[in-house]
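Enquirer: Here it is: the structure, laid out below.
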Amino acid sequence: MAASVWMPPVKRPDMRLLPLILAALPLPALAEDILLSGPPIWESAPLIALAESQPVDGVTFTFQPWASPEELRKRIVADTPLMAVAPSPTAAIFDANGMDLRVIFATITEGSLSIIGRGAAITDLPDLHGASLALPFKGYLPDLLMRRIAEPGAGTWQPQYTGSLVAGMQLMLASQVDSALLAEPMATLALAQDPSLSRRADLCALWRAATALEDCPPAGVVVVNPAFAGRPAILAAYHSAFAALAADPGKAAGLLARHFPEMAQSGAGFEHIRPIDLPMPEKADVLDDFYAAILEIEPDAIGGKLPEPDFYGQ
């Protein structure tokens with residue numbers, strides 16, 4: 001009979017210690033997903049840069065485009081932490097309708113909107129002498145900006161709503177309208193196609209002269225939902241990504257093309273813009289002044305009232 005070998009009893013782990021063990025794990029083991037979203041405009045490029053570089057330990061960034069305000073609304077009210085680029089009036093309307101969101105950055109892109117057409121440069125909209133100006137939609141942001149600068153009329157300018165920026169450019173190239181308000185990179189594309197066209201006015205210059213506001217309109221904002229909560233490291237990463245692209249704005253084209261192939265050739269149009277990010281709440285007055293200017297002409301465009309202070313920042 002073989003001699004038995006004594007073995008010490010095996011101690012089972014104390015399950016009460018499991019929460020303490022999990023809490024001691026390094027942060028990357030408890031990774032969190034952050035959804036990033038935006039339309040095909042320059043302002044979405046810093047978010048795409050975050051998704052490409054994944055600069056924050058313990059956080060996985062995923063970029064998904066949004067194609068309509070309704071799609072953006074659904075993402076804001078979802079439980080997934082979200083950072084999204086939105087038109088600044090849309091963010092104000094969402095807030096006025098009771099949606100819980102915060103603006104953490106506003107964006108100014110100096111030089112991104114121009115009046116392109118045939119004729120001399122202008123310093124004021126009445127210099128158009130009632131000529132036709134192509135705009136995409138009535139009541140949308142380009143139309144609101146123009147109406148705040150000068151109300152349309154026989155002695156100032158005549159809007160021709162086309163349904164899209166592309167349609168406005170095509171009508172101008174076909175000489176069916178005198179001028180068109182175009183965003184980059186479309187403005188640069190139009191100038192390249194027809195040497196008789198020129199950049200007749202920069203919208204920022206017209207806006208400053210008409211409103212006495214120092215800043216160009218912050219037309220885009222970055223919003224977050226309640227699931228995002230406070231994230232200083234993420235905000236710092238966004239600011240860094242924005243600063244890198246602002247130093248060479250043409251590079252945004254390559255990032256945007258990953259999700260919007262039609263933006264691949266937009267680098268030349270972006271090269272001359274000057275992007276500026278406005279962190280909230282430190283720069284809340286710039287966005288608030290812009291909303292006040294829009295409120296004067298179309299209250300419904302921002303929800304009928306100015307946002308409350310807690311709308312600006314975390």
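Enquirer: Using helices alone, what [θ] at 222 nm do you get for the chain, with -39,500 (n - 2.57) per DSSP H run of 4 or more residues, divided over all residues and rounded to the nearest 500?
Expert: Here the helix-only value at 222 nm equals -9500 deg cm²/dmol.
Enquirer: Another question, if that's okay. Full extension from I297 to S196: what is 0.36 nm times the residue separation minus their Cα-Cα distance, to one decimal in nm? Present the calculation step by step, with values, prior to reporting the outcome.
Expert: Details: separation 101, 0.36 × 101 = 36.36 nm, distance 3.44 nm.
Working it through step by step, the gained length comes to 32.9 nm.
Enquirer: For the peptides 107-115, 142-150, 300-308, 47-55, what is the packing order when you average, over each peptide's residues, the other Cβ atoms within 10 Å and list the highest mean first?
Expert: Result, highest mean Cβ count within 10 Å first: 107-115, 142-150, 47-55, 300-308.
Enquirer: How high is the relative contact order of the stretch 37-137, in percent, counting Cα pairs under 8 Å that sit 6 or more residues apart?
Expert: About 24 percent, as a whole number.
Enquirer: Given springs between every Cα pair under 10 Å in a Gaussian network model of the chain, which of H259, H239, H129 has the largest fluctuation?
Expert: Maximum fluctuation in the GNM of the chain, among the listed residues, is at H129.
Enquirer: Within the stretch 288-314, whose backbone N sits under 16 Å from a point 7 Å along Cα→Cβ of H239?
Expert: Once the point is set 7 Å along Cα→Cβ of H239, 313-314 turn out to lie under 16 Å by backbone N, inside the stretch 288-314.
Enquirer: Further question: Using a 1.4 Å probe over the heavy atoms of the protein chains, calculate the carbon and sulfur portion of the accessible area of the stretch 204-310 as a whole percent.
Expert: 54 percent
Enquirer: Rank-order 280-290, 82-92 by packing density, defined as the average count of other C-beta atoms within 10 Å over each peptide's residues, highest first.
Expert: The peptides rank, most packed first, as 82-92, 280-290.
Enquirer: Considering only the other residues whose Cβ falls under 13 Å of the Cβ of F242, what net charge follows from Lys and Arg at +1 and Asp and Glu at -1?
Expert: With Lys, Arg at +1 and Asp, Glu at -1, the neighbours total -1.
Enquirer: Using only the alpha-carbon atoms of the chain as identical scatterers, what base-10 log of I(q)/I(0) does the Debye formula give at q = 0.07, 0.10, 0.16 Å⁻¹?
Expert: One equal scatterer on each Cα of the chain leads to -0.33, -0.60, -1.37.
Enquirer: If you don't mind, there's one more thing I want to ask. Rounded to the nearest whole Å², what accessible area per residue is found for the chain with the 1.4 Å probe?
Expert: 48 Å²
Enquirer: Mind putting a number on the dipole of the stretch 70-128 about its Cα centre? Charges go on the C-beta only, +1 for Lys and Arg and -1 for Asp and Glu, and I need it in Debye to the nearest 20.
Expert: So the dipole magnitude of the stretch 70-128 works out to roughly 140 debye.
Enquirer: What nm distance separates the two modelled labels at A268 and S68, each placed 7 Å from Cα along Cα→Cβ?
Expert: About 3.5 nm, to one decimal.
Enquirer: Still on this structure, please answer the following. Stretch E52-N97 to full length: gain in nm at 0.36 nm per residue minus the Cα-Cα span?
Expert: 12.8 nm
Enquirer: What helices in the chain pass both tests, a Cα length along the helix axis of 15 Å or more and a mean Kyte hydropathy of 1.0 or higher, using whole DSSP H runs? Can you show the working numbers first?
Expert: Working: long enough: 232-247 (23 Å, 1.40); 284-297 (21 Å, 0.98).
Passing helices, by number: 232-247.
Enquirer: Okay, next question. Measure off 7 Å from each Cα along the Cα-to-Cβ vector at D288 and R208, then give the distance between these two points in nanometres to one decimal.
Expert: With each label point 7 Å from Cα toward Cβ, the separation is 2.3 nm.
Enquirer: May I ask which residue of Y238, V286, A134 lies farthest towards the positive end of the charge dipole of the chain, with charges of +1 (Lys, Arg) and -1 (Asp, Glu) on Cβ and the Cα centre as origin?
Expert: Among Y238, V286, A134, the one farthest towards the positive end of the dipole of the chain is Y238.
Enquirer: Rounded to the nearest 0.05, what FRET efficiency is calculated for T60 and A167 with R0 set to 35 Å and r the Cβ-Cβ distance? Write out the running numbers ahead of the final one.
Expert: On the way: r = 39 Å, r/R0 = 1.12.
Taking R0 as 35 Å, the efficiency between T60 and A167 is 0.35.
The values are calculated or read from the model by the stated rules, or taken from the named source; none is laboratory data. Fair warning: this is a prediction, and the values are worked out from it, not measured in the lab. Counting neighbours? That spans all protein chains shown, and the Cβs are built from the backbone with ideal geometry, glycine included. For accessibility, only protein heavy atoms count, side chains too; no ligands or nucleic acids. Shrake-Rupley method; radii C 1.70, N 1.55, O 1.52, S 1.80 Å.
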